[in-house]
Amino acid sequence: MKCVVELYGKDLITTQEWSREELDVTLEFAKELKRKYYARKLEPLLKDKTFFMLFYNTSTRTRASFEAAMTALGGHAQFIDIATTRAGEGEQVKDIARMYERYGHGLGIRILESAVGYVYGRGNSVIREYAKHCRIPVVNMADDMYHPCQGLADILTVQEKFPHYEGKRYVIMWAYSNKVRSWGSVQEEALIMSRYGLDVTIAAPKGFELDPKIMETCEQNARESGSEFEITDDLRGALSGAHIVFPRNWASHACVMQGMDKFGKENEIKLHDRYRDWMLNRDLVELMDKKAIITHVLPVFRGEEATDEVMDGPHSVIYDQAENRLHVQMAALSLIM
């Protein structure tokens, strides 16, 4: 129980900042809550608790899953669109943070991509500033560097689909799209999967390298967990025999390092267009292990990142994966609040 006590009041900004023991406790609790959810035996663990959700960016799953999690456990999640606050008129983060801590018991923040001008690290810095001034736990609901709740949901999905998951090959595949997405989800995936002993491969064209410091951390995670970590531009080689494949688009290294305004969206799209063939289709799926699963954090850009045939096919687990956001968030919120 020592681990549970230590989690009370703790921020969740990236899974890398939680110990393996803390992550294990959260995942096991999520499995317990999932069983109770389906048996209709959930207890009101968060009765009379309020979780504020401050959105600088839109979402489909994040708002819905957090609201559902709080409702299921007897609490309340309050959605706040940053555009409806005075933040745009110059109100300081410190003042907003200190105010919300008086009203509620936890604060979630979603800030990335257009909200920070695609300037790498700016979103994460804002979340850390909230955490610095806020005496209630702060949850990163996705920024430009990390996406911890997605990472927790995805390792839970892997554990469910592969009870003996250690040593399975997990491929994060850059996939074509004419939209430009930040690095948070893919970096979080690489971090948590390498900690849990999966052999992680990042397959991407040259020019789409991720944060080198985070990649170094992934290498260290792999050494400590007895797994392997590699980066390659050989897509077919990466997919050959893979057990889990996550096809997702992300912005080029140059775009992220310079910022969209400086690099130019037109230049970025031209770069993406060179790799239209990096789309997960049936031909590529046939290279994978016969029992392989295909994941995606959603939204998946169908006909760009992957075909409908693949995302609706027998290997796809995208809806099971999306559901697990609910269960890991119920667990995490209960433990920290």
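The values are calculated or read from the model by the stated rules, or taken from the named source; none is laboratory data. Because the structure is a prediction, the values reported are computed rather than measured. Here Cβ is always computed from backbone atoms with ideal geometry, including for glycine, and neighbour counts include all displayed protein chains.
Side notes on the structure shown:
- Exactly one residue out of His327, His296 is surrounded by 22 or more Cβ atoms within 10 Å (Cβ to Cβ), touching a Lys or Arg at 6+ places or on another chain (Cβ under 8 Å) and assigned by TED's automatic domain parsing to the domain that holds Lys36, and it is His327.
- Checked against (1) surrounded by fewer than 17 Cβ atoms within 10 Å (Cβ to Cβ); (2) free of Cβ contacts under 8 Å to residues at least 40 places away in the same chain; (3) more than 18 Å from the chain's Cα centre (by Cα), Glu17 meets all criteria but (3).
- Residues of segment 298-320 that are within 16 Å of the chain's Cα centre (by Cα) and over 13 Å from Ile244 (Cβ atoms): Leu298, Pro299, Val300, Tyr319.
- Listed by position, the strands (runs of 3 or more DSSP E) enclosed by segment 45-156 that each have at least 1 residues that are surrounded by fewer than 23 Cβ atoms within 10 Å (Cβ to Cβ) are 50-55, 76-81.
- Odd one out for Tyr120, checked against (1) assigned by TED's automatic domain parsing to the domain that holds Asp11; (2) at pLDDT below 95; (3) within 22 Å of Thr60 (Cα to Cα): (3)
- Taking the criterion of being touching a residue at least 24 places away in the same chain (Cβ under 8 Å), among the basic types (Lys, Arg) and over 23 Å from Val139 (Cα atoms), the only residue of segment 287-337 that qualifies is Lys291.
- Considering residues of segment 86-117 that are of a type in the set (D, E, K, R) and without any contact (Cβ under 8 Å) to a residue 12 or more places away in the chain only, the residue farthest from His133 (Cα to Cα): Glu89
- The set of residues in segment 62-74 being touching a residue at least 40 places away in the same chain (Cβ under 8 Å) and small (Gly, Ala, Ser) consists of Ser65, Ala68, Ala69, Ala72.
- Only residues that are under 20 Å from Ser194 (Cβ atoms) and without any contact (Cβ under 8 Å) to a residue 60 or more places away in the chain were counted across segment 20-42, and they come to 3.
- Of all the listed residues (Pro205, Pro163), the sole one being out of contact with any Cys (no Cβ under 9 Å at 6 or more places or on another chain), surrounded by fewer than 23 Cβ atoms within 10 Å (Cβ to Cβ), free of Cβ contacts under 8 Å to residues at least 24 places away in the same chain and not assigned by TED's automatic domain parsing to the domain that holds Ala64 is Pro163.
- Hey, Glu17 touching a strand residue (DSSP E or B) at 6+ places or on another chain (Cβ under 8 Å) and charged (D, E, K, R) or not: no
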